Structure formats: structure tokens, C-alpha cells
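Read the figures in this text as sums done on the coordinates, not as results from a lab. Small disclaimer: the values here were computed from a predicted structure and weren't measured. When we count neighbours, we look across all protein chains shown, and the Cβ atoms used for this are built from the backbone with ideal geometry, even at glycine.
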Amino acid sequence: MTEQIFENNLIKSLASKFLRAPNQLNKTFESDVEIIKANNMILAATTDSIAEEIESGLYNDPYLTGWMIVNVNFSDIAASGANLLGILISEIIPSSFKEEDLKKMQNGIKDACEKLNSYVLGGDTNFGEKLILTGTALGFFDDKKFLTRKGCCPNQILYSTNKLGRGNAFAITQLLNNNKEKIKYLPIARLKESKFIKKFASACMDTSDGVISTLDQLMRINNCGFELNEDWQSTIDDESKTITEKNGIPLWLLLAGQHGEFELLFTIDPDKEKKFLAEAELINWQPIKIGKVITEPAIKINIYGKLQTLNSTEIRNLSFNQSGGIDSYLNALLKIDKDMR
């Protein structure tokens, strides 16, 4: 099923000539990190860049840019349940970049690492026309058990580490309102919670590309679907709800847009739920139950008075098919919404 998604096909094409390492334990698309056996250890490695977000104006605060290069990578480590080693960072800096902004960006990196009790292990610095940050995060599994995106089954329960939608609400305030409206956006990789999740979950993935995209990828990997709770609106971040109301945007589009809040979505067996919630309470964490796994490979949500099946293929491919920027992308989402009414 993965071949219906443009991004998946692009990744397959780019990697088609590469030899797969014999000591790599995950297959393509199966995990948020690469899982590698090295002698008696199992390592986790992931790499991610921030470039489009800077160019589009989504991340126009240097401090946030530094904060995000750490958290986008550490979030992948969290989704695997690994212990964090640290991050390597490459910075391509334009000559026009102000020294004051460079200091703010480095402070964002520093504060993010300190918040998560981790370190910058090293990296590389170059100069170019545009600001581009790339991070490579490393971790390890001390118990040789790891989380992947594969393993969820019908009748399991779908949870999130926290309420959803804040990533797309932030994008609305940044890209549609000329920054007149502000929403605090400093997501934190859910490393602490992932240690509890690993003990109970059958599958896990972070929401870096938005909730619907995350569920769609899990659906394609596991050949089963998801039905969100009838009261799914209660799982949406309250401040984000206000943003959609002020901008006349349907609430469910906070799940459909492709800028995430870096929460973890995970599935657990019903017979493990009681013990899982009891252990979560010990660290004052209240995971959010958002739905269930269903047999049909589809994503279902109750909107406009009935249970509807989303065209998640179209939703995921929208950002690759739109050449007119954010306005064109939003109008395409609104057309999907109109067709569902």
C-alpha cells in the first residue's frame, strides 16, 4: 500500500541502488529510526533537516529553529523507545545571517539539549546561500527491545502522548496571518513517556507530519485502519481550537495538515490498558485515548453528523501536488472538506 504515496515512492527511488546493511534490523518505512545491531549492542540512528520550514517562513525565529533541529530528531528516538546518546548538527549559514540571530539559534539548540538531558556530540559548519540545519541523533537499546511502526492489530486502542493539533495551529498563525496572532510552539520530544510506552505498545510513530499522515503510514504498514473516537474534538488542543474558529477553518483540518506537534501515537492491547494507565499516573502523565484499530485499512472520523472515511491518500499527496504555496494547499484541503459536508 505504500506505493500510493508520493513521498514513499520518492524514498524508494532514491534508495533503490543502495545495499541494505545486513545488520540493520528494520525495513524501509518500518521505524522512525534506523535500528542497527553492532556487536552486543543495538543502536538507533536518525537524521532530519530543517530547510523548507525556514524558506517558507514557518520557522522565522532563530531560537525556535535551533530548538526544533534538536527536537525533530530526538522525537524519532523517542518513537523507538531508545536511550538517547546525543546529536550531531550540521549548520549551513548564509553570510547575511546576523550574529545576534546566530547566537539565538545556538541558544535554542543548547536549551533543547539541556531540557532533554542530552548533548551536542559534534557536527559541521559551512557557508551557503540559505540557512539549513541538519541533525543526526543517536541512541541505544539497553534491553534489546525496541518500538517500530509495525505491530498494531484490530481491536487495539489508539493513544497519543498529549492533545493534538498544535503543530498545524502554529502553521496557521505563521503562514496565514503575518504573525499578527501568536501561539506558543516549543514541542518537546516525548523521551520520558516513551520508556513507559515501550513496555506496553505494539506500534508507535511520531506526529511530525501531522496526525492523518501518521495514521495513514501506520495503516499502510500494518494493513489495518483506525477509527477516531466519536468525541475526537476533545483530543484537540484547546488553544488550537480557538485558532481555527478565528480563521474559519474546520477543526478536523488540524489533524489533516502536514505540520505536526511531535507527539507519539501508539497502540496497546485492551488487556494491558489498566496497568499502562496506572504506571502513567505514577509520573503524572495522562495519555489521550483517541481511537481504536479496525480491520478495514481506512481512517474513519465522525464529522458532519456521520462516520466518514477520509481519503488519506489525497490528503498526504496534497503538499507534493500543490505549486501555489500555502494558500493553494489550504484551498485544496477546504475542497476536500466541502465534498464531505
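Descriptive notes on the structure:
- Note on Glu7/Asp337: beta-carbon distance plugged into 1/(1 + (r/R0)^6) with R0 of 30 Å gives a FRET efficiency of 0.85.
- Loop-located chymotrypsin sites (Phe, Trp or Tyr not before Pro) in the range 92-162 (DSSP state other than H, G, I, E, B) with a sparse environment of at most 13 neighbouring Cβ atoms within 10 Å: Tyr119.
- Label-reachable residues, the range 68-95, where backbone N falls under 14 Å from a point 7 Å from Ala51's Cα toward its Cβ: 90-94
- Column: log10 I(q)/I(0), Debye, Cα scatterers of the chain, q = 0.07 Å⁻¹: -0.28
- Size descriptor, Kirkwood hydrodynamic radius, that averages inverse alpha-carbon separations across the range 104-152, Å: 14.2 Å
- Computed lengthening from Leu88 to Asp269, 0.36 nm per intervening residue step minus Cα-Cα distance: 61.5 nm
- Separation of the alpha carbons by more than 18 angstrom is noted, of Lys195/Lys272; Lys184/Lys300; Lys199/Lys274, for Lys184/Lys300.
- Fully extending the segment from Asn107 to Phe127 would add 5.2 nm, taking 0.36 nm per residue of separation and subtracting the current Cα-Cα distance.
- J(HN,Hα) series, the range 16-21, from Karplus relation 6.51 cos²θ - 1.76 cosθ + 1.60, nearest Hz, glycine and proline x: 5, 8, 8, 6, 7, 4
- Placing +1 on the Cβ of every Lys and Arg and -1 on the Cβ of every Asp and Glu, with nothing else charged, gives the chain a dipole about its Cα centre of roughly 680 debye.
- Sparse-neighbourhood loop sites, trypsin sites (Lys or Arg not before Pro) in the range 32-141 - DSSP loop, at most 10 other Cβ within 10 angstrom: Lys98
- Cα gyration tensor shape for the range 7-55, rounded if a/c is under 1.5, else prolate or oblate: oblate
- Label-point separation, Asn229 to Glu279 (7 Å along Cα→Cβ), nm: 2.1 nm
- Cα gyration tensor, the range 191-298 - rounded (a/c under 1.5), prolate or oblate: oblate
- Given charges at Cβ of Lys, Arg, Asp, Glu: the range 157-340 dipole, positive-most of Leu251, Ala189, Ser234: Ala189
- The range 22-141: C-alpha gyration tensor shape, a/c 1.5 cut-off, then a/b vs b/c: prolate
- Computed over the range 128-283, the P(r) tail beyond 24 angstrom holds 40 percent of alpha carbon pairs.
- Length-normalised contact order for the chain - Cα pairs under 8 Å, 6+ apart - percent: 20 percent
- Ignoring the sites themselves, the chain has its longest run without GluC sites (Glu not before Pro) in a DSSP loop having at most 11 other Cβ atoms within 10 Å at 1-128.
- Relative contact order for the range 1-92, counting Cα pairs under 8 Å that sit 6 or more residues apart, in percent: 20 percent
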